[in-house]
Amino acid sequence: MPGSSAEASWIFRYSPHIAVFSVGYVLFVYAAVPNIFMTRFAMGFTALGLLMSAALFSVVLAQPLCSRLTTRISTTNILLAATVMHVLLAIALDFAQTFWTLLALRAVWGLAAGIILTSGGTHIARLYSGSAATRQQGIYGGMLTFGGALSFLLAPHLRLPFAPFDLFIPGALLGIPTIGILWWYRRDRTTAPQRPHSLSDSDANLSAQYILTHPAIIVASLCYIASLGSYVTLSTFITAYFDDLGVIGPLNVFVLLVASVARALGGAIVQWWSIGDRRIVRFATVSATLGFMLLAIVQSPPYIIILPFVVMLAVSFPFGVIYHIATETITEEGTALAIVIAAGNIAALILPTFTGILRATSGGYSSGFLLLGAINAVAVGSIVWLR
């Protein structure tokens with residue numbers, strides 16, 4: 001049986017990345033072929049949006065549970081159990097016969113996905129430190145969006161012979177290697193909670209109130225609200241935005257690919273050039289704020305075509321850095337990440353809906369872009385305030 005995780009092979013260290021790649025595929029694949037789902041289940045756009053909302057809401061609900069689990073159980077075993085549930089539920093999604101069954105399964109699947117997201121980030125935080133941790137968190141976030149990009153590429157052309165629907169199953173298959181890797185390393189104990197000898201269970205650093213009010217967690221949460229909320233909102237409306245401009249092409253794929261590259265690149269730059277975490281977040285959030293303001297004002301090509309990609313790059317760039325800010329100063333990394341991830345996903349639930357309302361009432365996207373710009377400006381202020 002393998003020894004400590006410090007001596008483990010690279011494949012063990014990258015097991016969370018493989019798991020979250022599979023999660024990204026299952027999360028986004030239905031949005032790649034909305035007409036198929038709307039025809040099969042006789043539903044409209046509101047019901048289609050509920051499929052994403054149900055999953056994201058469950059991701060939020062999973063965070064308190066994951067926070068408790070990561071203080072008691074090895075992240076190796078948490079990831080193993082959650083990935084098994086993810087694979088089984090992803091397969092079940094292809095056999096749903098009614099919309100309500102599909103919606104319920106998406107909600108339950110979201111719990112498994114939420115546990116994977118947080119325990120995977122915690123796993124990385126315990127295996128790496130410093131700029132290496134930032135780089136790995138960036139790659140980790142990039143794999144999530146890369147899974148979504150793959151689903152947009154494959155889904156329109158994918159029909160497998162062994163299930164009635166055959167869209168979610170490929171995503172489930174992507175998660176199976178993670179199960180094999182984690183099963184092999186299931187006895188690993190170095191990724192269990194490790195506290196400095198100077199800390200006791202009554203130490204303030206282990207208090208939920210202390211973590212909730214810690215400046216690093218407040219700032220990381222505000223920055224993740226801006227980053228994830230902007231990313232999900234842009235992903236939701238980018239196709240309709242370009243359709244309004246008469247631009248035709250697989251732009252949804254390119255948007256997710258830009259996000260994937262930006263997340264990985266943001267973490268890598270910290271390690272390559274020894275740039276501080278706060279400087280990276282400050283640069284990215286200022287760029288995103290300016291980008292959204294320009295999107296609201298500029299109405300002429302080619303800027304209205306180029307700017308969405310620039311903004312997507314900016315909002316995705318600090319992903320790994322935000323995760324590292326949340327985990328580097330708090331002993332309970334799982335609890336810290338759970339708070340930040342919950343905050344970001346709550347924003348991801350609310351902002352697309354609110355932006356849609358603004359779009360419907362104003363007839364354009366300018367007010368929505370101004371809203372996202374204001375949220376990123378708040379993130380800029382918070383990262384400047386952090387000491």
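The values are calculated or read from the model by the stated rules, or taken from the named source; none is laboratory data. Quantities reported herein were computed from a predicted structural model and do not represent experimental measurements. Heads up, the Cβs are rebuilt from the backbone with ideal geometry, glycines too, and the neighbour counts pull from every protein chain shown. For accessibility, only protein heavy atoms count, side chains too; no ligands or nucleic acids. Shrake-Rupley method; radii C 1.70, N 1.55, O 1.52, S 1.80 Å.
Details
- Heavy-atom surface analysis with a 1.4 Å probe gives region 16-116 a carbon and sulfur content of 76 percent of its accessible area.
- Here region 212-267 is described by how far its Cα atoms reach on the three principal axes: 47, 23, 11 Å, from widest to narrowest.
- Rounded to the nearest 20 debye, dipole of the chain from Cβ charges on Lys, Arg, Asp, Glu: 280
- Helices in the chain, meaning DSSP H runs of at least 4 residues, each add -39500 (n - 2.57). Divided by all residues, the mean residue ellipticity at 222 nm is -26000 deg cm²/dmol.
- Accessible area per residue in Å² at 1.4 Å probe, computed on region 1-139: 36
- Kyte-Doolittle at least 1.6, axis length at least 20 Å by Cα - qualifying DSSP helices, the chain: 75-93, 366-385
- Sulfur and carbon atoms: percent of accessible area, region 287-341 [1.4 Å]: 75
- At R0 = 56 Å, FRET efficiency that the Cβ-Cβ distance of Val378 and Arg187 yields, to 0.05: 0.80
- Radius, Kirkwood style, for region 1-140 when every pair of distinct Cα atoms is counted (Å): 16.1
- Top of Ala42, Ala288, Ala112 by mean-square fluctuation, Gaussian network on the chain, Cα under 10 Å: Ala42
- Paramagnetic reach from Arg40 in region 14-32 [backbone N under 11 Å; point 7 Å along Cα→Cβ]: 30-31
- Accessible area in square angstrom per residue, region 231-333, 1.4 angstrom probe: 42
- Stretch gain in nm, segment Thr329-Asp166, where the contour uses 0.36 nm per residue and the Cα spacing is subtracted: 54.3 nm
- Fraction of alpha-carbon pairs over 34 Å apart in the chain - percent: 25
- Close amide H contacts of Ser74 (hydrogens built in the peptide plane, cut-off under 5 Å, sequence separation of 5 or more or a different chain): none are found.
- Amide H contacts of Val247 (H built 1.01 Å from N, under 5 Å, at least 5 apart or other chain): none
- Accessible area expressed per residue, region 348-387, with surrounding protein chains retained (probe 1.4 Å, Å²): 48
- Most mobile listed residue (Gly363, Gly110, Gly148) in the chain, GNM with C-alpha springs under 10 Å: Gly363
- Largest GNM mean-square fluctuation across Ala55, Ala259, Ala155, computed for the chain with C-alpha springs under 10 Å, falls on Ala155.
- Relative protection proxy for 335-342, 76-83, from highest mean packing down: 335-342, 76-83 (other beta-carbon atoms within 10 angstrom).
- Largest accessible area first, the listed residues Leu265, Leu61 line up as Leu61, Leu265 when surface is computed with a 1.4 Å probe on the assembled protein chains.
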